[in-house]
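Have a look at the structure below before the remarks.
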Amino acid sequence: MCLAIPGKVLQAEEQNGLRVGRVQFGGIIRSVRLDFVPEAVVGDYVMVHVGFAISQVDEAEADRTYEMLREMGALEGELPPNDEGMTQ
Amino acid sequence: MKYLDEYRDSRIARALAWEIASVATKPWVLMEICGGQTHTIMRYGLDELLPSTIELVHGPGCPVCVTPLETIDKAIALALRPDVTLVSYGDMLRVPGSNSDLLRAKAQGGDVRIAYSPVEALKIAHANPNRRVVFLAIGFETTAPANAMAAHQAKREGLTNFSMLVSHVLVPPAIRALLATRENRVQGFIAPGHVCTIMGYQQYEALVRDFAIPIVVGGFEPVDLLEAILMLVKQLERGDGCVENQYVRSVTYKGNFPAQQILKDVFEITDQKWRGIGSIPDSGLRFRPEYAAYDANEIFDLEVITADEPTECISAQVLQGLKKPTDCSAFAIRCTPENPLGAPMVSAEGACAAYYHYRRHAVAS
């Protein structure tokens, strides 16, 4: 129930005092409320939960974390073979 | 999909698991609060990837599971009224009430509809001015702002045929209650990333201070969870107990201000009953008096008699991390997602459903 999915904002506009947008999730486009992410603009990624964007993805942080993790994964070829307590 | 696939990279996951194994010198018991995280752990077999010294126990973070029996009974009673359309998140339909569930109420002619968003419930109310539309508003801090926005919008639009049956629960008071029990074995917590997206992780500093226990805010993908576990184990091995944030791409220290503001405008904090656990002080939300006209508890006469939970169901201990679903004598035999004895077998986030979907064959063999 607390799941949220990252999507890309394709359109953002005010409608009768509500902030509404169109957000793309992979190949699917949905109408999403943007009231809680007033700074999000077209091209930004947002996390969407029950039809509302709850955060704007911090892309710099996401890229930095991923790079760090990727470097860690890249070392995996040099890891010792299947250790005690670990499964394939 | 961007920001999803890369956090499911199995090479990174294995490298993280290896590092956890090399850092952990002692056994540690960790709890993930959120049921969504429990499902990721089971689905990707993260518990099997970890060294045997790291035990993961599953927390009460399944809103469907902890919604009180009385609330389910009230929703069923409302659904059976000829003038009411009851709108609910889909997961709630099979949750057992005292004598029935919403799916059975629907089969008996009740107008029960499933919505993905509270916005859809508002649309149903607009489209059916002769029906009294009641939205069963459940959820943690993640969902509460969306539900609050629905009430706020209904008030602004002067919608008179819309109300909400509210059952909201808050995470930090539940962690406090778990830590205060004598049976508690948990030595570190993974805090729920989307709850913290709304509320920030500032809320967890008091817990760390009072209980000297590490808390790491974690995301929902396998790599997120393994990194959060690594951060917890490093803290535990060092003897630290502080709040850290693994889910930096979504969570900030202070959280989402507009969402917190709408929560404050519409709801106030109250004691809340958690199914299987009991009442926890200041762990829920109720409407402020200004929103009484949208409170289904106020505008309907809702006296229901609630029966006791089935005795065989151990969901109370499962929700507190004291037992695993497979410890239950009814698991996958007399209790299945089609015929659940307790709510954790129903919800897409319930620990029993997670074990049923991903582990029952392992248990059988």
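Listed values, structure above:
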read-out	value
Beta bridges by DSSP in the protein assembly as shown, antiparallel share as percent, to the nearest 5	45
Pairwise Cα inverse-distance average, inverted: Kirkwood Rh of chain B (Å)	21.1
Sequence of B:199, B:231 once ranked by neighbouring C-beta atoms within 10 Å, starting from the fewest	B:231, B:199
Rounded to whole Hz, the Karplus (6.51, -1.76, 1.60) HN-Hα couplings of segment B:90-105, x for glycine and proline	x, 4, 6, 5, 9, 5, x, x, 5, 10, 7, 9, 5, 5, 5, 4
Highest-MSF residue in chain B out of B:173, B:63, B:82 [GNM, Cα springs under 10 Å]	B:82
Sequence-distant residues sharing a close amide H with residue B:168 (under 5 Å, placed H)	B:285
Averaged over A:3-9, number of beta-carbon atoms from partner chains that fall within 10 Å	5
For residues of B:137-146, the mean tally of beta carbons on other chains within 10 Å	4
FRET efficiency, 1/(1 + (r/R0)^6) with R0 22 Å, evaluated for residue B:181 and residue B:240 via beta carbons	0.40
Within chain B, helix-based [θ] at 222 nm, where runs of 4 or more DSSP H residues each add -39,500 (n - 2.57), nearest 500	-11000 deg cm²/dmol
Antiparallel DSSP beta bridges within chain B, percent to nearest 5	20
Segment B:1-76-segment B:229-294 distance, computed between alpha-carbon centres (Å)	18
Rough spin-label spacing in nm, given labels placed 7 Å along Cα→Cβ, for residue B:1 and residue A:41	2.5
Segment B:264-354 - share of DSSP beta bridges that are antiparallel (%, nearest 5)	90
Residue among B:342, B:193, B:158 with the largest mean-square fluctuation in a Gaussian network model of chain B, springs linking Cα atoms under 10 Å	B:158
Tilt relative to chain B, helix B:351-364 - C-alpha long axis, 0 to 90 degrees, to 10	50
C-alpha long axis of helix B:144-156 to longest principal axis of chain B, angle in °	20
Residue mean of other protein chain beta carbons inside 10 Å, B:61-69	1
Tail beyond 15 Å, pair distance distribution of segment B:50-132 (Cα, percent)	62
Kirkwood Rh in Å, taken over all unlike Cα pairs in the protein assembly as shown	22.5
Percentage of interatomic Cα-Cα distances in segment B:38-186 larger than 19 Å	60
Residue among B:13, B:21, B:307 with the largest mean-square fluctuation in a Gaussian network model of chain B, springs linking Cα atoms under 10 Å	B:307
In degrees, nearest ten, helix B:257-266 long axis to first principal axis of chain B (Cα)	40
Rg over Rh, two decimals, segment A:5-77 (C-alpha only, Kirkwood Rh)	1.13
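Each reported figure results from applying straightforward, stated rules to the coordinates on display, with no laboratory input. Since this is a predicted model, take the numbers as computed values, not measurements. Neighbour counts are summed over all protein chains in view; Cβ atoms, including those assigned to glycine, are modelled from backbone coordinates with ideal geometry.
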